[in-house]
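Nothing in this text is a laboratory measurement; each read-out follows from the coordinates by a stated rule. These figures come from a predicted structure and were not determined experimentally. Heads up, the Cβs are rebuilt from the backbone with ideal geometry, glycines too, and the neighbour counts pull from every protein chain shown.
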Amino acid sequence: MNKDSYIVFIDEAGFMLEPLVLTTWAQRGHRPAIKIGENHHDRISVIGAMAINMETKKFSFLFRLSPDNTNFRGYTVAYFLEHLYSKLHGCINLVWDSITIHSAEPVNIFLALHPAIKVFFFPPYAPELNPVDNIWGYVKRHRLGNYCPDNLVELRKRVRAELFRIQKRPDLLESMFNHTGLNLD
C-alpha cells in the first residue's frame with residue numbers, strides 16, 4: 001500500500017480577551033471606544049497545522065485549543081502530533097520553528113517512535129515563511145479585529161468557529177501558503 005506524503009507546517013498562537021484594536025469608525029465628534037473587562041489579559045493558546053498532501057496538492061488545517069490561561073508544553077505538543085499522525089496516515093515532513101517546546105522530551109520520544117515523521121526547522125527569526133503564521137494574522141486582524149468578548153467562553157467559541165471556517169476553505173489555505181513565497185516543487 002502506497003502511503004501519502006505530506007508537508008506539515010506547525011505553529012502556536014495566543015488569543016487574548018483584550019482586542020487587537022484596528023482602525024474603526026465612530027459617530028462624528030465622538031471618539032471610538034472599546035470596553036475591556038477586568039481580566040483582559042486572559043488568553044487561549046492554540047496550536048495549528050497546515051498539511052499539504054504532496055500527491056493531490058490538497059490543503060488541510062488541524063488545530064487544538066489549550067485550556068484557559070495555559071501555554072502549550074512538550075507533552076501537549078506531543079499529544080497534538082499524535083492527533084495529527086492519526087489523521088494523516090502517511091509520511092510527514094514536519095516544518096516548524098526551533099522553540100524549546102518543539103524539542104522537549106515528550107516530543108522527542110514521540111518522534112523517535114514514529115520514524116514516518118521527519119522534522120525540519122525554519123531558519124531563526126523567519127515567521128514570514130510559516131503559512132500558519134498567516135492563518136493567525138488573518139484570524140486576528142481580519143476576523144477578530146476590534147472584537148471584544150466578555151469572557152473566555154465567548155472568545156473560545158468564536159476562535160473555534162473561525163478556525164473551523166478556515167478548515168472548510170482549502171483555497172484560503174493555499175493562498176496563505178503562496179503568500180510565503182515557498183513552492184511545492
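Assorted remarks:
- Linear extension gain, Ser86 paired with Leu113, 0.36 nm per residue minus alpha-carbon span: 8.4 nm
- Estimated inter-spin distance, Met16 and Asn151, nm [label 7 Å along Cα→Cβ]: 2.1 nm
- For the chain, the 222 nm mean residue ellipticity estimated from helices alone, with every DSSP H stretch of n ≥ 4 adding -39500 (n - 2.57) and the total spread over all residues, rounds to -9000 deg cm²/dmol.
- In order along segment 122-129, the phi-based Karplus estimate (6.51 cos²θ - 1.76 cosθ + 1.60, θ = phi - 60°) of 3J(HN,Hα) comes to 5, x, x, 6, 10, x, 5, 8 Hz; Gly and Pro are listed as x.
- The relative contact order of the chain, computed from alpha carbon pairs under 8 Å that lie at least 6 residues apart in sequence, is 29 percent.
- Student exercise, segment 4-178 dipole from Lys, Arg, Asp, Glu Cβ charges, in Debye to nearest 20: 640 debye
- If you wrap the tightest convex hull around every Cα atom of the chain and split its volume per residue, you get 136 Å³.
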